[in-house]
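Down below is the structure, laid out as structure tokens.
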């Protein structure tokens, strides 16, 4: 078994230090937590060490240096696979099948380094460091976080350690362990503001939804263990082992991989387990940037990419094509669905959350296509019958370009989306700050009644309905008091609000005087009466710093942030030559390539093509609503540039997204398990650029050539064009922006001035309502939970009370009855005892007599 | 010589009278007397058996039993005095602290 204590293949010194990449952040976790407790409130700790932020930065920096060393070592000197496992965790003896011999299985931790590892390793460690820098500027300047930032940084470094560990691990077992560690940290960080019910709810939702996927992943891993007798990559990816398994039980292997894919669906927030990601935006913005855009959601993609050797092995030829289709179809569905929902979001971070889902779905579609190609093409040097493969060169290239496109999109998306989230964080931070500055005297919300109650009071007033009539009409079961669900139904029916459960809880709590969780007539009457009398005095100021409705015209006020956001958006849209362009076009082209082979793939292929235009629309909409036009409201007019800690990562990542062209020219689109096609392959830089321009779109047929231009047209012209005609506009008079915004803003003003059209009919349509309700997925999931799970739980509780507790209670009651009866015999009177003794003696004598005689 | 069967019969009769008295009477002193009666029934049986077999062991037992009975009466009367101190009565029906 691998992991049994010896170094197997060690080629580089950097690999020897690889365990420290994940151990350093893991070490920082207790240090920050302990120091944070011990020095809480200390001035030096707060101002100089940034409540642990700088300690985390130091450890993450060291971790990044080691990662970079490893990456450079890998690219420069060696491009194959390395394995280093020199630590045995535990050894267990097992009974082997058949004969009763004891076989020993040892579980060790080792490092596995190949092209996928290296790419993810760079993304994770690089973004962790940048987001850590950002977090210092974001978290430590908000008074609400005072004296608890150490908790944030401790959980942050623990998360980084989990991500790096998952990437470096050399077995599916360790992958799963670190996967769960990330899940835990995600839960803790989403719930960082746990005093807010919505944050606590979102944390639970994220944890439980991903857990649904994880159960399947665990079952998949168990099946894989059953097939291979190990979960080490060295064993399961071994060519002979795959051959043996493919020969006996290829179908079972497909099931194992399919179940593992469900785990990836949960972690990467794909349909139908996508509901947690938008809610996860309750966490602080650095968390959204790190976990829910750049790293953790990529874990699912990493897992699917890891399965490549199964798909690519010739022994499995054609066996896994259906699974590849499922992967691509789930991706295509999510890509379009999430993009459509992003159309109607007003919350800046929610747009980005749906964009993340949509882009991850692109990568899934790309992986699905690549895995399909790897599984159905003969792309190895020799055919299964041993003869030389004539199509080797062409097919090999196709598979590697398809796989490389998906992986490169992962890279581009992580960089761009990490930056976009940080930029959105900077905007929110500054808008919030400006609001606080303008309205600091109104910030005490302590007397506020819930808005819905105010609306309800107005509604009753307008309709001349008394509280008593209203109460009778909503008390459906006539029980004399109403519960949360009846109340929710009534609020929906009177078109006041359709509130999620956590807000209903808060609302009920505001009215419920006796605290029994139900509302009766006096309570409701009292609350509404108080509000009616308050309506004359109080006025409510609900300011949402995340809503794009409160922004606009920020391009002149936050130039660096606006630039970063623009470049990130262009990268996500696939604007020619910028980052995402190279990979996104590759994914679209390769999905269509498969569609020409297998008509089923027309579905994902159409989805990704359509999604390109939708991406162009919603990303442009977001940028224009935030940065172009006139400021909506006085808050947006008083925003200031952000601080240096936040600017540094934005600046760095802007260049990374712009530099997509350099990376593509270096051959990163071929970032695939093959040294021949690897980096800088015999073209040089300029040659590489021209080669990529020619080949990245899989241009072997004219069809793909035309397709590419269609994709560019709808992604970079139609989608953004629609947004330009609807949103934004020129900046106000006297506002000056950086010169590179001039063409964008001028184009915006020109298109909007000339082609502006009224979209209010569309915005008011039923479909738009459905979209802003997230297509009712949460609603139906909640209902399914209430109707099925809650009903089942009630039955289970009944069974527990009647059967299990019932048995125990019957035994107890019977023995008590018997003892009561027996106790009556002890009268306490000595004469009775004598009588009993006499009768007993007589009986004994009689007995002995009988026996003897 | 009297037939030993008669003596045994008398002894059994005395014993049953004592037993019945011990069951039925409420006064503790009478119950004690009945217990003495049962002891003496046993003594009589011992004595009769000793004469019949010409063996002195029976006499020895009888003497021991009488000595024990004497000390028992002393203890019994002491108990009754203590009982009277607590319950203001020596009626056995009033003494049922062991009930249930």
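State yes or no: is residue A:761 exposed (fewer than 10 other Cβ atoms within 10 Å of the Cβ), over 30 Å from residue A:272 (Cβ atoms), more than 14 Å from chain B (Cβ to nearest Cβ) and within 60 Å of the chain's Cα centre (by Cα)?
Details: exposed (fewer than 10 other Cβ atoms within 10 Å of the Cβ): yes; over 30 Å from residue A:272 (Cβ atoms): yes; more than 14 Å from chain B (Cβ to nearest Cβ): yes; within 60 Å of the chain's Cα centre (by Cα): yes.
Yes, satisfied.
For the stretch A:506-524, which residues satisfy the criterion of being in contact (Cβ under 8 Å) with a residue 40 or more places away in the chain and surrounded by fewer than 16 Cβ atoms within 10 Å (Cβ to Cβ)? Within the stretch A:506-524, A:506, A:510 qualify. Annotation note: of A:377, A:348, the sole residue that is within 29 Å of residue A:244 (Cα to Cα) and either in contact (Cβ under 8 Å) with a residue 12 or more places away in the chain or surrounded by fewer than 24 Cβ atoms within 10 Å (Cβ to Cβ) (or both) is A:377. As for the stretch A:777-791, it holds no residue that is surrounded by 12 or more Cβ atoms within 10 Å (Cβ to Cβ) and either under 30 Å from residue B:30 (Cβ atoms) or modelled with pLDDT of 85 or more (or both).
Just one residue in the set A:750, A:770, A:737 is surrounded by fewer than 16 Cβ atoms within 10 Å (Cβ to Cβ) and either within 28 Å of residue A:580 (Cβ to Cβ) or in contact (Cβ under 8 Å) with a residue 12 or more places away in the chain (or both); that residue is A:750. Just checking, does the stretch A:837-850 include any residue being more than 14 Å from every other protein chain (Cβ to nearest Cβ) and at pLDDT below 90? Yes: the stretch A:837-850 contains one or more residues that are more than 14 Å from every other protein chain (Cβ to nearest Cβ) and at pLDDT below 90.
Test residue A:809 against the criterion of being surrounded by 10 or more Cβ atoms within 10 Å (Cβ to Cβ), at pLDDT 85 or above and either farther than 30 Å from residue B:25 by Cβ or within 14 Å of another protein chain (Cβ to nearest Cβ) (or both), and give yes or no. Here the answer is yes, as residue A:809 does meet what is asked. In this structure, does residue A:790 turn out to be farther than 30 Å from residue B:21 by Cβ and either over 60 Å from the mean Cα position of the chain (by Cα) or away from chain B (no Cβ under 14 Å) (or both)? It is true that residue A:790 is farther than 30 Å from residue B:21 by Cβ and either over 60 Å from the mean Cα position of the chain (by Cα) or away from chain B (no Cβ under 14 Å) (or both). Consider the stretch A:135-164 and keep the residues that are at pLDDT 90 or above and surrounded by fewer than 24 Cβ atoms within 10 Å (Cβ to Cβ). The one that is farthest from residue A:425 (Cα to Cα) is A:158.
Each row is one residue, and each column tells you yes or no for (1) under 30 Å from residue A:105 (Cβ atoms); (2) without any contact (Cβ under 8 Å) to a residue 60 or more places away in the chain; (3) over 17 Å from the mean Cα position of the chain (by Cα); (4) part of a helix (DSSP H, G or I).
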residue: A:135; (1), (2), (3), (4): no, no, yes, yes
residue: A:138; (1), (2), (3), (4): no, no, yes, yes
residue: A:141; (1), (2), (3), (4): no, no, yes, no
residue: A:151; (1), (2), (3), (4): no, no, yes, yes
residue: A:160; (1), (2), (3), (4): no, no, no, yes
residue: A:165; (1), (2), (3), (4): yes, no, yes, yes
residue: A:176; (1), (2), (3), (4): yes, yes, no, yes
residue: A:189; (1), (2), (3), (4): no, no, no, yes
residue: A:212; (1), (2), (3), (4): yes, no, no, yes
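May I ask you to say which residue of A:596, A:577, A:606 is over 30 Å from residue A:430 (Cα atoms), modelled with pLDDT of 90 or more and surrounded by fewer than 24 Cβ atoms within 10 Å (Cβ to Cβ)? Walk me through how you get there before you give the answer.
Working: A:596 fails: modelled with pLDDT of 90 or more; A:577 fails: modelled with pLDDT of 90 or more.
Result of the check over A:596, A:577, A:606: A:606.
The values are calculated or read from the model by the stated rules, or taken from the named source; none is laboratory data. Computed from a predicted model, the values in this text were never measured in an experiment. Here the Cβ is made from the backbone with ideal geometry for all residues, glycine too, and neighbour counts use every protein chain on show.
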